[in-house]
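Everything below concerns the one structure shown next.
The values are calculated or read from the model by the stated rules, or taken from the named source; none is laboratory data. Remember, predicted model here, so these are calculated numbers, not experimental data. Every residue, glycine as well, gets a Cβ built from its backbone with ideal geometry; the counts of neighbours run over all protein chains shown. Ligands, DNA and RNA are excluded from the accessible area calculation, which covers all protein heavy atoms including side chains. Shrake-Rupley method; radii C 1.70, N 1.55, O 1.52, S 1.80 Å.
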Amino acid sequence: MKRLKRVLCAVDIREPDREVFAYALAMARRSAASLLVVHAASPVRPLNEGATERVDFLRQLRAAAEAASVDTRVTVQRGDVAGVILLHAAARRPDLIVIGGGQHHGRRYRFSSIAERVVRGGPCPTLVVPEGPHSAAEPFENIVCAVDFSPASHAAVHHPLRLAQRSERRLTLLHLV
């Protein structure tokens, strides 16, 4: 099983995305991987709207990565958000994409359309981090991997298996009929 060499972290300029970044940073640090932070600026809003906050937020993320001794590159690009993330994933060929995925509503979870497009169109496994309190210091207690016995599913199971073995966590394979 190959180790992670590149982790792509897609962030928006919102507080919950600090947690998304923390997961990506923890994964990159554990694997001695490089970290590519991508912020896709929506074309719906002017690029200069929130520019100061964007620069400050991304500077803080870069400083955290440098403090953790993780080689990091930060990119800002304007365009369709999911499209920009997928473009960078295709060009940079990461081993893992980490993205925020939506919000908890009581016992239900609402998946964001951007995360769904990235999961469906991405060239590699994608870790979707839901909003809410988590700890990226020990990111995985239990790992669930959905399988459908296709060749892609067979190939994808190696990544969570490696994570489970490395951190001595429990892996559950889930197949629904």
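When peptides 93-99, 48-54 are sorted by average Cβ neighbour count within 10 Å, with the highest value leading, the order is 93-99, 48-54.
Spin-label model, ARG120 to VAL44: label points 7 Å out along the Cα-to-beta-carbon direction sit 1.8 nm apart. For the range 144-153, 3J(HN,Hα) computed residue by residue from phi via the Karplus equation (6.51, -1.76, 1.60; θ = phi - 60°) reads 10, 10, 7, 10, 10, 6, 7, x, 5, 5 Hz, glycine and proline entered as x. The portion of the accessible surface of the range 1-97 made up by carbon and sulfur, rounded to a whole percent, is 51 (1.4 Å probe; DNA, RNA and ligands excluded). The mean accessible area for residues of the range 36-104, using a 1.4 Å probe and ignoring ligands and nucleic acids, is 51 Å² per residue.
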